[in-house]
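See below for the structure under consideration.
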Amino acid sequence: MSAIAIKGWCPGALRPMQSGDGLVVRIRPRGGRLEARQAAGIADLAARYGNGLIDLTSRANLQIRGVSEGYPALIDGLAELGLLDADSDTEAQRNILVTPFWTVDDDTHSLTAELEGALAGVSLDLPTKFGFAIDDGSERVLAGASADIRIERDRNGGPLVRPDGAQFGLSVARSEAVQVALALAEWFVASGGARGEKRRMAAHLADGASLPELLRGDAEPAAPSADPLPGLYPTGAMVGVAFGHMTHQVLSQLAGCGQALRVTPWRMVLVEGMHEMPRGVGLITDADDPALRVIACSGAPRCREAHADTRALASALASFVPADARLHVSGCAKGCAHSGSADVTLVASGEGFDLIRRGTTRDAPVVRGLTRSDLIANPSVLMGGH
Ligand code: SF4
């Protein structure tokens with residue numbers, strides 16, 4: 001077993017990240033799917049070698065938290081479950097989001113396997129946050145999720161490949177989609193995108209990078225859909241966990257349904273083929289649950305950078321957030337849990353919470369220095385009341 005390489009950003013299983021509660025070991029399920037035995041195995045490993053807590057991330061990955069000297073045994077266990085890549089570079093590059101609504105009759109599964117195989121065979125030197133999305137249903141369910149190169153469908157159902165940030169994509173034959181996606185990634189690196197400040201495709205295009213003629217298209221992608229909610233879908237039962245944070249018992253319970261789990265970027269999992277909602281402690285099964293209106297990063301004491309216990313505050317405020325609004329509570333300005341905009345964002349600092357409206361953790365606050373007690377005593381301040 002190679003020595004532990006501790007990095008400060010985007011951990012993997014082979015490259016864990018040190019956090020306030022120990023090592024964070026991130027698992028990237030192939031094709032966004034875990035067999036029931038793999039899910040049960042992860043729950044068992046989290047209980048034995050971590051602190052028993054598991055995160056569902058906005059990249060549709062799982063993180064085992066609180067790992068220390070049991071790390072080598074944990075890695076051996078993940079290898080036995082078929083959840084490890086050949087090396088940490090291959091793992092880091094296999095950053096693929098997959099629509100959880102695929103069926104055995106469509107192209108999603110085969111496209112994903114082809115892209116995973118192609119990425120394993122090349123070294124593109126992509127930034128660690130750079131990723132791909134396979135979102136080839138009749139609506140784009142991953143439109144709001146983080147990805148840099150997207151394989152989608154156009155308004156007539158034909159496949160297209162689109163760099164994130166571009167309004168239109170390039171129409172392709174099914175057999176060309178993966179090669180065009182890789183060509184876009186190569187162009188991104190060759191044209192300096194990996195050296196930019198943000199190191200993401202949309203920022204690169206916004207900075208004026210011009211796509212070569214061969215990779216530029218005029219196909220309009222299918223309409224985006226709203227983020228899914230807990231409930232029954234033709235492909236299975238979608239259930240959430242508050243803040244994407246669950247105990248090993250909750251994952252065990254889901255694995256006990258006996259079906260594969262499809263992991264989503266919405267802090268929910270789809271229990272494949274299940275036609276009734278699983279019930280159990282720690283599961284969000286009601287689409288109106290206030291916990292779905294709040295997003296919070298790990299926060300204190302789990303993250304060493306955090307200035308506040310974000311999840312405790314978000315839980316206390318959730319019922320004051322209107323059903324159609326979103327509150328993001330971040331333990332510092334990095335905004336790990338949500339890089340996009342939210343109706344209200346609270347960012348903890350050494351001087352209290354900054355409040356930002358319709359923006360991200362990087363935008364200018366309208367109020368500074370709010371205390372936890374201020375917010376709980378007067379939650380109407382969130383939405384602009386007094
Ligand atoms: S955003 Fe939250 S999890 Fe990320 S570094 Fe800051 S405090 Fe830690």
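Nothing in this text is a laboratory measurement; each read-out follows from the coordinates by a stated rule. Just so it is clear, the structure is predicted and the values come from calculations on it, not from any experiment. Here the Cβ positions follow ideal geometry from the backbone for every residue, glycine too, while neighbour counts run over all protein chains shown.
Between G217, G82, G258, the Gaussian network model of the chain with springs among Cα atoms under 10 angstrom shows the greatest mean-square fluctuation at G82. Helices of the chain meeting both criteria, an alpha-carbon length of 15 angstrom or more along the long axis and an average Kyte-Doolittle score not below -1.0, with helices taken as full DSSP H segments, are 36-49, 108-120, 177-190. Taking amide H atoms as placed 1.01 Å from N in the peptide plane, the amide H of S349 lies under 5 Å from those of D354, each 5 or more residues away in sequence or on another chain. Taking only the alpha carbons of segment 101-215, we obtain Rg and Dmax values of 13.5, 41 Å in that order. Taking amide H atoms as placed 1.01 Å from N in the peptide plane, the amide H of Q18 lies under 5 Å from those of K7, V24, each 5 or more residues away in sequence or on another chain. With θ taken as phi - 60° and the Karplus curve 6.51 cos²θ - 1.76 cosθ + 1.60 applied, the whole-hertz 3J(HN,Hα) list for segment 212-217 is x, 3, 5, 10, 9, x Hz, x standing for glycine and proline. A simple rule links phi to the HN-Hα coupling: the Karplus curve 6.51 cos²θ - 1.76 cosθ + 1.60 with θ = phi - 60°, which for segment 280-294 gives x, 5, x, 9, 9, 10, 9, 5, 9, 4, x, 4, 6, 8, 10 Hz, with x for Gly and Pro.
What residue among L327, L184, L124 has the largest mean-square fluctuation in a Gaussian network model of the chain, using Cα springs under 10 Å? Highest fluctuation of the listed residues: L124. With a simple spin-label model that places each label point 7 Å from the Cα along the Cα-to-Cβ direction, the separation between T103 and A203 comes to 4.0 nm. Since only P159, L184, M201 are under comparison, the one whose Cα sits farthest along the positive direction of the charge dipole of segment 101-215, derived from C-beta charges on Lys, Arg, Asp and Glu, is M201.
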